[in-house]
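S.K.: What follows is a single structure, and I will ask about it in a moment.
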Ligand SMILES: Nc1ncnc2c1ncn2[C@@H]1O[C@H](COP(=O)(O)OP(=O)(O)OP(=O)(O)O)[C@@H](O)[C@H]1O
Ligand SMILES: [Mg+2]
């Protein structure tokens, strides 16, 4: 559970390694704490129960404030990896290190609580973060403004469109004020225009807040549109097999030729990765 | 631009965001977004009063009139003598008589008060027990089957025991009510908790909820529909058990409830009084259902978008 993570002051560069120096084949504990917004996975393997390994010796470093996209075929363990970083699951082997503030997670499916309004969902997240009651209404307003939902706070979840729901979910994750934001295919169920809009929103918020983002998607173009780094995962067992750097300095659109060119290259690798399993 | 490592206070974060939030990127302009929002949310039309009356009140009224007409026809056919099968009008006169002499209102109030108090007690006892059974695995393994069994056991079976233990007192009535209602409430809560989608506790954990906060803010609200169904059934069992207890345990400090009225009708071989008592018991049941449980349940479901309020 996230609650078991102790909050230590910003350690030296070497400190996390001391924590992870336990003999390799022991069962992993709760995520260790590192400074800044960095996420570090070392030799992480994960199997559910007696099942086959879903993740196999994954090593991953995510620098503070960076935007990393994770691509892979369905069932390759992307959600599992995020669950490990979020502290919802424990690695079978290896260590997971997260910042002291922990990680916020935006789930694959709309995970708003249907018995609350949009504002109520945000308010609950703030309450669970420990924000005093007096400060919460203003903070809820600020979060709604942030995702451009000013005035929609009183709407029930079922009265919101898919895009609005995902924006509330994004606002809720941002309201947790964690330095790492994990996103599990958050825009998969949306139409193209809404998705474009939310890409811009997310990019803007990322630049404004300096949050570290790990973004999981099936959609190669989306990954190239958003990420600074695009990681490709293999399936069964899941490993990180390739990585591309994307120039994120200028403004990108999903229709850009540069985005398309890189997407084609990455898609070819993804296809090859999937084809490997047919043999 | 990394976030502040460990000293990132909420104040610092909010000003940083607020200061820059009016910069707008090219695609995500407010106009496009506002248009999408309008297009993808439908306005909810409230049905008018006359439609509501026609759709919800008229059918049961028609059914009621039909029942009375059939009843009258059977009486007119002379299948049974009038003192065995009184006509609707005979019963109506008896009702007026019994209201005038005050015995019917007293009986109704006595039973409702006892049933209400017993039911509230059952809720107060059943809810924490239900949570315990639902959330603590050893407790569930140990007492789960017993509670399911108790739910099947007709609570009238407890009346003789209750009379021996508590005599002809209110305690007898309350004991029988509790034995009837508490298992239903526990079971309702347990099945409500079991049906909470596993996603919700995970969301709660990610939001940093403690064990108790998770129960209070996630599990309980998510389980509310199942819990309400349990309450409803619990009330039905309370009311039935109470009638059984009142019919069997008469005298002492038991007071004069609807069950006693029914038994009095039988002792006097007065079929009209028996019918009046049955109708009153039925009427209370229907009234509680219509005025308490149905609106609450409809409200809860409508708020979650599970059923349109109408
Ligand atoms: N709680 C669980 N118990 C057992 N097996 C699980 C569990 N969660 C996931 N798995 C298995 O682990 C594998 C990886 O699942 P995961 O959800 O991480 O994949 P994914 O990459 O997110 O897939 P998708 O793109 O379809 O969301 C799958 O084979 C899945 O069946
Ligand atoms: Mg997934």
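The values are calculated or read from the model by the stated rules, or taken from the named source; none is laboratory data. Please read these numbers as outputs of a predicted model, since none were measured by experiment. Positions of Cβ are generated from backbone atoms using ideal geometry, with glycine treated the same way; all protein chains shown enter the neighbour counts.
S.K.: With respect to residue A:94, is the statement that it is away from ligand 1 (no atom under 15 Å from the Cβ), outside any strand (DSSP E or B) and either more than 10 Å from chain B (Cβ to nearest Cβ) or out of contact with any helix residue (DSSP H, G or I) (no Cβ under 7 Å at 6 or more places or on another chain) (or both) true?
M.R.: It is false that residue A:94 is away from ligand 1 (no atom under 15 Å from the Cβ), outside any strand (DSSP E or B) and either more than 10 Å from chain B (Cβ to nearest Cβ) or out of contact with any helix residue (DSSP H, G or I) (no Cβ under 7 Å at 6 or more places or on another chain) (or both).
S.K.: Mind counting the residues in segment A:207-221 that are free of Cβ contacts under 8 Å to residues at least 40 places away in the same chain and either assigned by TED's automatic domain parsing to the domain that holds residue A:163 or surrounded by 20 or more Cβ atoms within 10 Å (Cβ to Cβ) (or both)?
M.R.: Of the residues in segment A:207-221, 1 are free of Cβ contacts under 8 Å to residues at least 40 places away in the same chain and either assigned by TED's automatic domain parsing to the domain that holds residue A:163 or surrounded by 20 or more Cβ atoms within 10 Å (Cβ to Cβ) (or both).
S.K.: Against the condition more than 14 Å from chain B (Cβ to nearest Cβ), at pLDDT 85 or above and either more than 21 Å from residue A:274 (Cβ to Cβ) or assigned to a strand (DSSP E or B) (or both), how does residue A:168 come out, does it pass?
M.R.: For residue A:168, the condition - more than 14 Å from chain B (Cβ to nearest Cβ), at pLDDT 85 or above and either more than 21 Å from residue A:274 (Cβ to Cβ) or assigned to a strand (DSSP E or B) (or both) - is not met.
Okay, residues lined up against (1) touching a strand residue (DSSP E or B) at 6+ places or on another chain (Cβ under 7 Å); (2) in contact (Cβ under 8 Å) with a residue 40 or more places away in the chain; (3) more than 10 Å from every other protein chain (Cβ to nearest Cβ):
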residue	(1), (2), (3)
A:172	no, yes, no
A:175	no, yes, no
A:178	yes, yes, no
A:185	yes, yes, yes
A:205	no, yes, no
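S.K.: Across segment A:36-88, what is the number of residues that are in a loop (DSSP other than H, G, I, E, B) and either away from chain B (no Cβ under 14 Å) or within 8 Å of ligand 1 (Cβ to nearest atom) (or both)? Outline the logic, then answer.
M.R.: Just the residues of segment A:36-88 that are in a loop (DSSP other than H, G, I, E, B), to begin with: A:36-38, A:48-52, A:63-66, A:72-77, A:87-88.
If we keep only those that are either away from chain B (no Cβ under 14 Å) or within 8 Å of ligand 1 (Cβ to nearest atom) (or both) too, we end up with A:48-52, A:72-77.
Selection size over segment A:36-88: 11.
S.K.: Moving to a separate point now. Looking at B:247, B:281, can you tell me which residue is in contact with a helix residue (DSSP H, G or I) (Cβ under 9 Å, 6 or more places away or on another chain), modelled with pLDDT of 90 or more and more than 30 Å from residue B:49 (Cβ to Cβ)?
M.R.: Details: B:247 fails: modelled with pLDDT of 90 or more.
Checking each option against the conditions leaves just B:281.
S.K.: Another question, then. Where residues in segment B:205-234 are over 21 Å from the mean Cα position of the chain (by Cα) and more than 10 Å from chain A (Cβ to nearest Cβ), which of them is modelled with the highest pLDDT?
M.R.: B:215
S.K.: In segment A:171-189, how many residues are under 12 Å from the mean Cα position of the chain (by Cα) and away from ligand 1 (no atom under 16 Å from the Cβ)?
M.R.: Final tally of qualifying residues: 6.
S.K.: When segment A:107-116 is examined, which residues are found to be more than 9 Å from chain B (Cβ to nearest Cβ) and either crowded, with 22+ Cβ neighbours inside 10 Å or more than 16 Å from ligand 1 (Cβ to nearest atom) (or both)?
M.R.: If the condition is that a residue be more than 9 Å from chain B (Cβ to nearest Cβ) and either crowded, with 22+ Cβ neighbours inside 10 Å or more than 16 Å from ligand 1 (Cβ to nearest atom) (or both), then no residue fits.
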